Amino acid sequence: MDIFRILTRGASLKKSKNDTIKHAKAQTTSQQRKEQSMQHQVDKETDFFHTRKHTIIEDEDSKIGNEEDEDSVAPPPKIANEEDAAKLRRSYKSKVTGSDVPLPIGSFEDLISRFHLDKKLLSNLLEADFVEPTPIQCESIPISLEQRDLIACAPTGSGKTLAFLIPLVQAVLDSPKTSKLHGIRGLVISPTNELAVQIFHELETLSKSKKDLKVAILSKQLANKINNNIINASKYDIIVSTPLRLIDVVKNEKLDLSKVEELIIDEADKLFDQGFVEQTDDILSNCTHKKLRKSMFSATIPSGVEAMAQSIMKDPVRVIIGHKEAASNTIEQKLVFTGNEEGKLLAIRQMISESEFKPPIIIFLQSITRAKALFHELLYDKLNVDVIHAERSPKQREDVIKRFKNGDVWVLITTDVIARGVDFKGVNLVINYDVPQSAQAYVHRIGRTGRGGKSGKAVTFFTKEDEKAIKPILNVMKQSDCKEGYSEWMEDLDKLSKNEKKSIKQHSIKRKQISTVPKVIKQKKRQRAEMIEGSKKRKYEGDNKKERKEKKEEETE
Ligand code: ADP
Ligand code: MG
């Protein structure tokens with residue numbers, strides 16, 4: 001089914017109750033009926049969070065005039081056998097493979113009956129408004145609680161964090177502690193500090209009021225204290241960290257990973273990619289517990305990474321929700337040819353004039369220099385912008401993220417440094433000012449919008465130089481059913497060989513400097529503004545002087 005076609009026809013995914021009722025009453029013709037049924041299907045497919053009402057299409061007529069039925073929410077599915085499981089899996093298009101695959105859960109309450117989930121955990125979940133599990137949560141929680149290794153791939157923004165945190169916390173609570181300084185039993189690693197902080201906050205929410213559970217993020221300060229023997233790391237039960245900081249403390253023999261029973265690798269493909277793989281390997285070789293259970297999560301798991309993962313796992317279960325390398329189907333994707341570099345700024349200005357530039361917006365560029373340049377350019381346009389890149393201090397990055405989250409910054413300009421994992425609620429639009437260098441980078445960048453079941457838009461600019469680089473992006477768009485986001489001629493561009501793909505990933509395209517306004521003109525404009533300002537000031541001072549003189553004359557008269 002062409003989901004994109006239906007979405008762009010203006011069908012709203014989040015209907016108000018009244019809209020739904022009016023809509024139901026208006027359904028008379030068979031064509032309308034068919035469309036409503038398709039819409040229902042889209043709702044089901046895009047409703048990771050089960051937030052929409054489970055209206056029963058076949059029974060539409062009986063609903064007319066009986067508005068109370070609108071409030072009835074279908075009970076969560078009961079999963080008692082393989083048949084029920086297959087039905088549920090079909091509904092959210094998942095592929096679950098492996099030997100002896102555990103049954104999924106149909107609700108969080110199932111965790112109480114099947115796994116004796118700690119009641120406090122359940123009440124913490126409900127209190128934080130996590131009422132029903134998302135598909136990845138339905139599948140991966142029982143797999144993890146049955147002590148199975150896991151490779152999980154699910155779209156951006158579909159709730160992977162809780163999918164690994166719930167079983168992690170429960171498993172750690174279930175495993176007996178020999179003393180207060182027993183040692184770390186649960187470890188989560190993530191590629192960036194921002195993401196580690198976010199995971200830690202979710203962990204705190206989940207384990208609230210569990211006084212017997214000590215959790216920490218390995219911040220710079222905590223690492224220093226551990227290294228200087230001010231704090232003993234063994235008092236913690238669960239630690240969240242980036243690889244490098246963790247290895248640093250482990251190498252100093254101040255933190256022991258031999259008690260870790262639960263290891264979670266978030267954004268696994270990144271952590272098995274060049275630049276991280278050695279550190280990940282180091283961590284794995286230090287986790288020597290015989291009962292160690294490993295799980296890895298990402299929205300993209302290329303086959304090379306999967307082969308590597310399979311080789312270090314014991315009889316893993318593999319869960320794929322949706323397509324393996326597709327973007328979330330809550331994102332409307334578009335490719336825009338801008339001709340040349342100058343065309344990109346013009347395209348942004350055109351989007352502004354056509355009211356398509358609706359904040360909050362994130363703009364991704366390929367380098368720090370380019371991110372800084374665009375920041376200055378848009379600052380000049382008096383847009384409410386800020387920038388995050390690796391040269392800014394952790395404190396500055398944290399501040400900008402905070403200001404973006406609470407609406408003080410409308411447009412966030414950045415590099416791939418925050419492309420993964422970071423959960424900004426309600427981002428309307430992601431602009432790839434520069435084409436991302438791989439399909440994975442693209443999926444993660446645009447995954448900053450359309451999260452938690454909300455809809456979002458992603459626009460990717462490209463120039464003549466990018467004709468090859470857009471090929472992987474076109475493939476993602478095809479997989480995600482976004483055929484209307486690109487023109488046919490773009491498809492005719494040559495197919496990429498393996499070497500070409502590799503070369504695009506490794507070498508970023510040399511681009512012309514960002515600016516449509518030549519520096520001399522800018523300087524002249526600035527001088528002119530200063531002159532006007534100066535003359536206003538002089539006039540004011542002159543007027544004041546004149547006034548004072550007249551006053552004096554009046555007084556002497
Ligand atoms: P992912 O890791 O898959 O990209 P996150 O774990 O960051 O996604 O979750 C995306 C958003 O969805 C977060 O704001 C999170 O709090 C929310 N979320 C997660 N699980 C649920 C749930 N069961 N019900 C409602 N919201 C959820
Ligand atoms: Mg995540």
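Nothing in this text is a laboratory measurement; each read-out follows from the coordinates by a stated rule. Model, not experiment: these values are computed from the prediction. We place every Cβ from the backbone using ideal geometry, glycine too, and count neighbours over all the protein chains shown.
Label-to-label distance for Glu204 and Asp248 is 2.1 nm, based on points extended 7 Å past Cα in the beta-carbon direction.
Are any of the pairs Lys454/Lys478; Lys95/Lys259; Lys220/Lys471 more than 29 Å apart by Cα-Cα distance, and if so, which? Distance filter (> 29 Å) returns Lys95/Lys259; Lys220/Lys471. Multiplying the residue separation of Lys290 and Glu491 by 0.36 nm and subtracting their alpha-carbon distance yields 67.3 nm. For the stretch 150-172 and the stretch 444-485, write down the distance between their C-alpha centroids in whole Å. Their Cα centres are 25 Å away from one another. You can think of it this way: the chain between His507 and Lys95 has 144.8 nm of extra reach, that is 0.36 nm per residue less the Cα-Cα gap. Taking each of Lys324/Lys501; Lys208/Lys294; Lys180/Lys208; Lys334/Lys372; Lys160/Lys501 in turn, the alpha-carbon distance tops 22 angstrom for Lys208/Lys294; Lys334/Lys372; Lys160/Lys501.
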